[in-house]
C-alpha cells in the first residue's frame, strides 16, 4: 500500500532478490465503521474499492506553516459503511476456510483503535453473524457427511493428535457422556442464550466443494486471552470456592517437535456442530475481561484468540475405519484474533488498573509493529536483523505464521469521526507497512502422502495393472478375459464343416467331420499339455517368488525387530524425558507461584515505601514551612524587642538625666543650705515670743558635728532617691 504523497527513500533502494512465486504479501483490508451519531464531523472518505482519503478535521494543524495535505491510502480492498458481514466474509475469510479444509493454516486478526468495530466484525450481532460464526458454519457444512465419531481423534499434550479405534472411542464416549446424558436430550440441545442465538442462524449455507471423500474429519476449538502479557485459558473449568476464590492460572508457550508454538495445558474441546462450537465460544466470551471507558462502553482489555483446529485422516481400503497410523493424520489450524484497541490515556482518563491495562495493550501492539518493521526491512534491504517475537506473548505465539506456516490476513477497522483522526493516522501507517511484508507461501502437501480421492487411486491402480499386463501380452484391464480366450481358441481350431446330410449315399460329409474333430482333439491335447507345462512353470516361479518373499519377510522381520527395539528404547527415553519435563514444569509452576507471591509482596512493599516517602515528604514540607514561620516570628520578635529595648534605653537615659539633674539641684540646694547655715547667728527671742506659751525650743546653733551629720544624711537621702523637700526637712530638723 502506498500513499499519494511523495516520500523520500530513507535508504538506497537495493532490493534483495526474492522469488515472488514462493511468497505472498500480507493481505490487508479496511473496514469503515458508520458514524454515530451521523451528523458529526467525518475525517475519512472512501474513494473507490481499494482507496480511501484521510483529511484533517477543522482546526487541526500539522506543519509549522499550518498546512496539511490530504493523504490517500490503498488496501487490497476497502469496505464502506454499507458493507454486509457476508460480503466481508466472502472476500476475506472464505479462502482461509478453504485452506484449512485442504490442510493449510491461516491467521486472521482485526486491528484498530478502541471503538472502531473490531469485536463486531469478528463476532457480529443478533441476526447478523460475524466472521467467526460464519467460518464455523462453512466448516461444518463442508464436512458434515465425513465427520469422525467423537473421541476417534484425541489431542495429546505436545500439540499433536492421536487416533483411536472405534471400539476405544466407543468406550470413551460411554465413560464421558454417561454423567451428561440428561443434558444432551433434544429438549436441551439449544443451550445458547436466546439473545445471541441469531448470530449462528446463517441462511446461505456456504461450503467447500472439493472435499476428500475418503477421509474423516474432526474439529477442535480452544479460546484464550492475552491479558497484561499473560495467557489465560477461557475454557478452563475451575472449581468455584465462594469463601476464597482461586484466581486463574496463566499458561506457558511451548515449541513442539516441528518448531511450532503452542500453549501448554490449553483446553481443546471437540465439537460436532456450529451450535456446539459457538456455545463453547460464548462460555469463554463471558470470562473475557472488558471494562467501561470514556471512549467505549464495553472496551476489550485483552487480546482474544479463538483457534479452530481441523484433524483429518484417510479411511482404510474398505472405507469403513480410519487408518490407525498417527503419521497419516493431517492437522490444520485457523486462528481468529480480536486485538484490543489502542488508546490514549488523556482521552480515556484511565486510572489504576485501567491505566495498567492500557499500557500493556499499547506495549504489545508496539511490539507487533516493531516485528513488522524489522520483517519489512529484512526483506526490502536484505538485512538479517533478529525479529523480537519474544518481547510479547502475542507475537511469540504467531511467529510461525510470519515464517511461512500459513496465510496472514488483517482487517483494519477505522472510525471516521474527527476525534479519532490522530489515532487513525497511526493505524494507516501501520497498515501501509504491514502490506509490504511478504510471507512464504505454504507448500501444498498431499493429504497423508496419497492422491486425494479413492476413485482416483483406483483409476491409477487400473492403469498400472493394464500397462503391466500389456507388457506381458495378457488381456487389457477393462475387457472380458473370457472373450480373449475364445478368440484364441477360435483362431487355433479348424472350422467345423457342414454336417447336413442330403443324400443317403453321401460318404464324404461324415469323414470330413470326423477328421476335423480329430484335429480339434489333438489341438486340445496339445493346448492342455502346454497349459500344464505353463502351470508347472508358473507354480515353480510362484514357489521361487514365495521363497524370495519369505526371505524378504524374514529380513524385514529382523529389521522390524531391530526397529521395535530401537522404538522401545526411544519410548523409554521419551517417557523418562516426559517425566523430567513434568518435574521441571512442576518446578516451574512452583517458581512462578513463588515469583507471583514475591511480586505481590514487592508491590505491597513498594506501595508502603511510596506511602512512607509521601508521608516523609509531607512532614519535611511541614517542617520547612514551620521553620520559615518561626524564622519570621523570631525576626519580627527580635525587631520588636530591639525597638522596645531602644525605647526603654531612651526612657532610662531620660530618667537618669532627670535624676542627675535632680541630684545637681539637691546638691545646689544643700550647698546653699550649708552655706546659709554657717553664716547665720543665733538670735534671742523677742519678748512677744516670751509672752507666748512656753514651748521647748532646741538650740539651732550649728556645730561641726551637726553639719557633718547633716551632710551624711543628705548623701544617704540622695542615694535612696528621697525628694528635695524631704532633704530640706531633714536638714532643717537637724538644724533645729
Here are 342, 332, 300: which of them is touching a helix residue (DSSP H, G or I) at 6+ places or on another chain (Cβ under 8 Å), under 26 Å from residue 122 (Cα atoms) and modelled with pLDDT of 90 or more? 332
Just the residues that are more than 23 Å from residue 148 (Cβ to Cβ), part of a loop (DSSP other than H, G, I, E, B) and modelled with pLDDT of 90 or more, please, taken from segment 228-259. 234, 252
From 597, 588, residue being assigned to a helix (DSSP H, G or I), touching a residue at least 24 places away in the same chain (Cβ under 8 Å) and surrounded by 10 or more Cβ atoms within 10 Å (Cβ to Cβ): 588
Is it true that some residue in segment 99-106 is in a strand (DSSP E or B) and touching a helix residue (DSSP H, G or I) at 6+ places or on another chain (Cβ under 7 Å)? yes
Filter segment 145-178 for residues that are in contact with a strand residue (DSSP E or B) (Cβ under 6 Å, 6 or more places away or on another chain) and exposed (fewer than 13 other Cβ atoms within 10 Å of the Cβ); which is nearest to residue 327 (Cα to Cα)? 162
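The values are calculated or read from the model by the stated rules, or taken from the named source; none is laboratory data. Note that this is a predicted model, so its numbers are computed, not measured. Please note: Cβ atoms are built from the backbone with ideal geometry, for glycine as well, and neighbour counts cover all protein chains shown.
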